[in-house]
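Student: What follows is a structure written as structure tokens; I'll ask about it next.
Here, each number is a calculation from the coordinates, and none is a lab measurement. All values derive from a computational prediction rather than experimental measurement. In this analysis, Cβ positions are derived from the backbone assuming ideal geometry, glycine residues included, and neighbour counts consider all displayed protein chains.
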Amino acid sequence: MFIDNTELRLEVEKIKTKLNNQDKNMEIVFRYLDELIERRNEPKPRERIGYKSDDI
């Protein structure tokens, strides 16, 4: 019974470390998504197209 209990604890610890790593990876993904959204919301300077007069 002691051996089974130790094995279970080891398995639980493995699962915990996997979940912690997964949480960190998800945090990184969401951080990159936030950066992409911020870039998308920044207006880019637009060049005028068509006929260009010297008055403007």
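Student: I'd like to know which of Ser53, Phe30, Leu19 lies farthest towards the positive end of the charge dipole of the chain, counting +1 on Cβ of Lys and Arg and -1 on Cβ of Asp and Glu.
Tutor: Selected residue: Ser53.
Student: What nm distance separates the two modelled labels at Val29 and Arg9, each placed 7 Å from Cα along Cα→Cβ?
Tutor: About 3.3 nm separates the two model spin labels.
Student: Could I have the simple spin-label model distance between Arg48 and Asn20, label points 7 Å from Cα toward Cβ, reported in nm to one decimal?
Tutor: 6.0
Student: Go through the stretch 9-56 and name the trypsin sites (Lys or Arg not before Pro) that are in a DSSP coil and have 16 or fewer other Cβ atoms within 10 Å of their Cβ.
Tutor: Filter output for the stretch 9-56: Arg46, Arg48, Lys52.
Student: If you fit an axis through the alpha-carbon atoms of helix 2-41 and take the longest principal axis of the Cα set of the chain, what angle between them do you get, 0 to 90°, nearest 10?
Tutor: Roughly 0 degrees, rounded to the nearest 10.
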